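K.L.:
After the structure tokens below, expect a handful of questions from me.
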């Protein structure tokens with residue numbers, strides 16, 4: 001339960017989830033931001049106007065998913081690491097999940113990593129497709145993970161396996 005352990009419930013997530021019709025059209029952001037705190041850099045970063053203007057600086061982001069093109073610029077600007085891009089059109093068997101990542105070393109494209117859920121548990125094997133990082137991203141890299149389609153709503157982080165460690 002979100003209030004006691006910080007992990008959103010299915011109902012919390014359903015309120016933020018893009019519609020199945022929108023998910024079928026390509027990459028789209030999901031804002032898993034649930035705390036009312038003074039924060040709005042995601043809205044200012046979105047060139048599409050998909051993250052709607054805040055009525056109050058303490059509001060949580062509201063996304064017009066139809067305006068979102070899935071570019072992911074907002075991901076690195078979110079200090080709460082609460083924005084993710086989902087792309088169910090990536091392939092017939094895999095979805096693409098773009099996640100914020102603030103650890104070193106960065107994984108490398110092509111590397112196999114553990115897909116980690118909101119509780120910190122490894123739930124699948126994932127493949128790093130792309131890593132974007134740079135000074136303009138304020139030390140937050142964005143990792144593009146190919147995950148089994150059934151895991152796209154579960155994977156919210158990744159863990160690089162230790163040398164010799166098996167993850168699958």
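The values are calculated or read from the model by the stated rules, or taken from the named source; none is laboratory data. The structure presented is a predicted model; accordingly, all values stated were derived computationally and were not measured. In this analysis, Cβ positions are derived from the backbone assuming ideal geometry, glycine residues included, and neighbour counts consider all displayed protein chains.
K.L.:
Quick one: is residue 51 surrounded by fewer than 16 Cβ atoms within 10 Å (Cβ to Cβ), under 28 Å from residue 139 (Cβ atoms) and not assigned by TED's automatic domain parsing to the domain that holds residue 118?
P.N.:
no
K.L.:
Another question, if that's okay. Going by the conditions given, is residue 63 touching a strand residue (DSSP E or B) at 6+ places or on another chain (Cβ under 6 Å) and within 19 Å of residue 149 (Cβ to Cβ)?
P.N.:
The answer is no for residue 63.
K.L.:
Let me ask you something else. Of everything in region 113-135, what is farther than 20 Å from residue 72 by Cβ and crowded, with 16+ Cβ neighbours inside 10 Å? Give them in sequence order.
P.N.:
Matches in region 113-135: 114, 117, 122, 123, 124, 125.
K.L.:
Hey, another quick one. For residue 12, only one of the following conditions fails: (1) out of contact with any helix residue (DSSP H, G or I) (no Cβ under 8 Å at 6 or more places or on another chain); (2) farther than 13 Å from residue 68 by Cα. What is its number?
P.N.:
That leaves (1) as the condition not met.
K.L.:
Conditions first: (1) within 13 Å of the chain's Cα centre (by Cα); (2) crowded, with 19+ Cβ neighbours inside 10 Å. Residue 90 passes all but one, so which condition is the exception?
P.N.:
It fails just one condition, (1).
K.L.:
Kindly establish whether residue 53 is more than 25 Å from residue 121 (Cβ to Cβ) and free of Cβ contacts under 8 Å to residues at least 12 places away in the same chain. Before the answer, list the steps.
P.N.:
Numbers: more than 25 Å from residue 121 (Cβ to Cβ): yes; free of Cβ contacts under 8 Å to residues at least 12 places away in the same chain: yes.
So residue 53 fits the description; yes.
K.L.:
On to the next question. Evaluate the following for residue 68: is it crowded, with 16+ Cβ neighbours inside 10 Å and touching a residue at least 40 places away in the same chain (Cβ under 8 Å)?
P.N.:
Working: crowded, with 16+ Cβ neighbours inside 10 Å: yes; touching a residue at least 40 places away in the same chain (Cβ under 8 Å): yes.
Yes: the conditions hold for residue 68.
K.L.:
Within region 128-150, which residues are in a helix (DSSP H, G or I) and at pLDDT 95 or above?
P.N.:
Residues satisfying the conditions are 149, 150.
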